[in-house]
Amino acid sequence: MTVIVQEPTLSVEGNDLENKTNNVFEEEEENLELKLDGGFVVPDNNAFGHSFRDYEKESERKDSVEQFYRTQHINQTYEFAVEKKEEYAKLQKAVMSIWECCELLNEFVDESDPDLDEPQIEHLLQTAEAVRRDYPNEDWLHLTALIHDLGKVMLHPSFGGEPQWCVVGDTFPLGCAFNDAIVHHQYFKENPDYYNPKYNTKLGVYSENCGLDKVTMSWGHDEYMYLVAKDNKTTLPYAGLFIIRFHSFYALHRSNAYTYLMNEEDEEGLKWLRIFNKYDLYSKSKVKINQEEVKPYYMSLIEKYFPGKLRW
Ligand SMILES: O[C@H]1[C@H](O)[C@@H](O)[C@H](O)[C@@H](O)[C@H]1O
Ligand SMILES: [Fe+2]
Ligand SMILES: [Fe+2]
C-alpha cells in the first residue's frame, strides 16, 4: 500500500516532532512561498518490504548495518574527526568535474544503509529526480540532491580507499555527550570519548547556541562535500550547502536532539533540510533512472553553479 501525502509530513517518531514539522512547513509557506503539496508519494516500505530506517527489524541487511555502526561509534572520536577534516580540507586528493565524480560512485554500495543496496549513482539520480518533480522551479535543490552524497568518493582507491565507517552513516557531534537518539547509540560505550570528562557533558567543548558551523561532526561524506563545494566557490545558496553538510545528522533533523547547539541561521537551513530529507530517504528504490536521458539537464545545472573542474 502507498500513501499519498498532500503536505510533506515526515514519518517521525512522536507527535511533538510531527507538530513541529508541520509548523515549519506552515512558516515555509508564508515566508518562502514554497509549493508544499507536490503530492509526493511516501512508500510504506523500502525495497526489502520493511519500513524505512528500521534498524531493529530482522532483514538481510540488519546484522551488517549494526556491525557498521558499532565500528563507526567506536572509532569516531573528536581528535579523529578534527584530523580528518584538516587532511581533506587541503583538497589535494584529485581534480575532476562533478559528473566525473558521480560516475565514480557507480561502484559503491553504502554499508550503513538498511534501505538500499544499489550503487550510489542510482540513489543520487533517484533523489534529484524526485525533488525535481515536486519543486520544478528550485533548480538549486535539484543539483543539491544530485551532489549531496558525492563525498562518498572517499571510498575510492584514489582517495586512499577510506573504510566505510569514516565515510557513510548518520553523523553526530563530537566533543560533547552522545545522545540516545543516535542509531545504535549503545556502542558509544566503547568509544574513548565516552569516558573523557572534557567531551562527555551536554555542552562539552561548545557553548549554548554556538551554531552548527562551530561543531565538529563525526567525519564523513557530508562535511567533505560541503568543503569541496564551498572551497571551489559554488554559487549554490546557503540552504543547499546546509543540506549537504547536515543531511546525515538524523538525531537533529528527525529527533530534535542537539538543538541547543543551533543558532538562528541554522533554523533557516533546517527547514530546507527537512524538506530535502523526505526525498533523500523515501526515493530509495529499485527503480532505475535513465542516466543518458537526464544527463544534459544536470550538466546544465553543474555549469551554472560550479566551475568545470574542481579540486577534491
Ligand atoms: O545510511 C545512510 C547513508 O549513509 C546516507 O548517505 C546518509 O546520509 C544517512 O545518514 C545514512 O543513514
Ligand atoms: Fe548521505
Ligand atoms: Fe542520500
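When each of Tyr279, Tyr260 is tested for being closer than 19 Å to Ser218 by Cα and either surrounded by 16 or more Cβ atoms within 10 Å (Cβ to Cβ) or touching a Lys or Arg at 6+ places or on another chain (Cβ under 9 Å) (or both), the lone residue that passes is Tyr260.
Yes/no per residue for (1) closer than 26 Å to Pro136 by Cβ; (2) hydrophobic (A, V, I, L, M, F, W, C); (3) touching a helix residue (DSSP H, G or I) at 6+ places or on another chain (Cβ under 6 Å):
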{"residue": "His221", "(1), (2), (3)": "no, no, yes"}
{"residue": "Val228", "(1), (2), (3)": "no, yes, no"}
{"residue": "Pro237", "(1), (2), (3)": "yes, no, yes"}
{"residue": "Tyr279", "(1), (2), (3)": "yes, no, yes"}
{"residue": "Asn290", "(1), (2), (3)": "yes, no, no"}
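The set of residues in the range 119-131 that are away from ligand 1 (no atom under 12 Å from the Cβ) and in contact (Cβ under 8 Å) with a residue 40 or more places away in the chain comprises Ile121, Glu122, Leu125, Gln126, Ala128, Glu129, Ala130, Val131. Taking interchain pairs and intrachain pairs at least six residues apart, which have beta carbon atoms under 9 angstrom, with the first residue in the range 275-291 and at pLDDT 90 or above and more than 12 Å from ligand 2 (Cβ to nearest atom) and the second outside any loop (DSSP other than H, G, I, E, B) and among the aromatic types (Phe, Trp, Tyr)? Qualifying pairs under 9 Å: Ile275/Phe25.
Residues that are β-branched (Val, Ile, Thr) and modelled with pLDDT under 95 within the range 74-132 comprise Val109, Ile121, listed in sequence order. Listed conditions (1) surrounded by fewer than 17 Cβ atoms within 10 Å (Cβ to Cβ); (2) modelled with pLDDT under 50; (3) assigned to a helix (DSSP H, G or I) are all met by Gln67, apart from (2). In the set (1) touching a strand residue (DSSP E or B) at 6+ places or on another chain (Cβ under 7 Å); (2) under 23 Å from Ile243 (Cβ atoms), Asp110 fails one condition alone, (1). Inside the range 145-164, residues that are under 13 Å from Ile243 (Cβ atoms) and more than 13 Å from ligand 1 (Cβ to nearest atom) make up a count of 1.
Scanning the range 94-110 for residues that are part of a loop (DSSP other than H, G, I, E, B) and either within 16 Å of ligand 1 (Cβ to nearest atom) or farther than 17 Å from Gly308 by Cα (or both) returns Phe108, Val109, Asp110.
Annotation: of all residues in the range 108-143 being within 12 Å of ligand 2 (Cβ to nearest atom) and farther than 20 Å from Val65 by Cα, the one that is surrounded by the most Cβ atoms within 10 Å (Cβ to Cβ) is Thr127. Counting the residues of the range 202-214 that are surrounded by 12 or more Cβ atoms within 10 Å (Cβ to Cβ) and not in a helix (DSSP H, G or I) gives 8.
Against the conditions (1) assigned to a helix (DSSP H, G or I); (2) in contact (Cβ under 8 Å) with a residue 24 or more places away in the chain; (3) loosely packed, with under 13 Cβ neighbours inside 10 Å, Ala81 satisfies every one except (3). Scanning the range 154-182 for residues that are part of a helix (DSSP H, G or I), touching a residue at least 40 places away in the same chain (Cβ under 8 Å) and either away from ligand 2 (no atom under 15 Å from the Cβ) or touching a strand residue (DSSP E or B) at 6+ places or on another chain (Cβ under 9 Å) (or both) yields Ser158, Phe159. Remark: Ala229 falls outside the filter, which requires a residue to be under 13 Å from Thr171 (Cβ atoms), part of a helix (DSSP H, G or I), out of contact with any Lys or Arg (no Cβ under 7 Å at 6 or more places or on another chain) and away from ligand 2 (no atom under 13 Å from the Cβ).
In the range 190-197, is there at least one residue being of a type outside the set (Gly, Ala, Ser), within 20 Å of the chain's Cα centre (by Cα) and surrounded by fewer than 17 Cβ atoms within 10 Å (Cβ to Cβ)?
Scanning the range 190-197, I find no residue that is of a type outside the set (Gly, Ala, Ser), within 20 Å of the chain's Cα centre (by Cα) and surrounded by fewer than 17 Cβ atoms within 10 Å (Cβ to Cβ), so the answer is no.
Scanning the range 282-291 for any residue that is in a helix (DSSP H, G or I) and either touching a Ser or Thr at 6+ places or on another chain (Cβ under 7 Å) or under 27 Å from Asn106 (Cα atoms) (or both) turns up at least one such residue. Per the conditions (1) more than 16 Å from ligand 3 (Cβ to nearest atom); (2) not in a helix (DSSP H, G or I), the sole criterion not satisfied by Asp113 is (1). For Lys84, only one of the following conditions fails: (1) away from ligand 1 (no atom under 15 Å from the Cβ); (2) of a type outside the set (Gly, Ala, Ser); (3) over 30 Å from Asn200 (Cα atoms). What is its number? Condition not satisfied by Lys84: (3).
The values are calculated or read from the model by the stated rules, or taken from the named source; none is laboratory data. Here the structure is a predicted model, which is why all the values come from computation and not from measurement. FYI the Cβ positions are ideal-geometry reconstructions off the backbone, even for glycines, and counts take in every protein chain you see.
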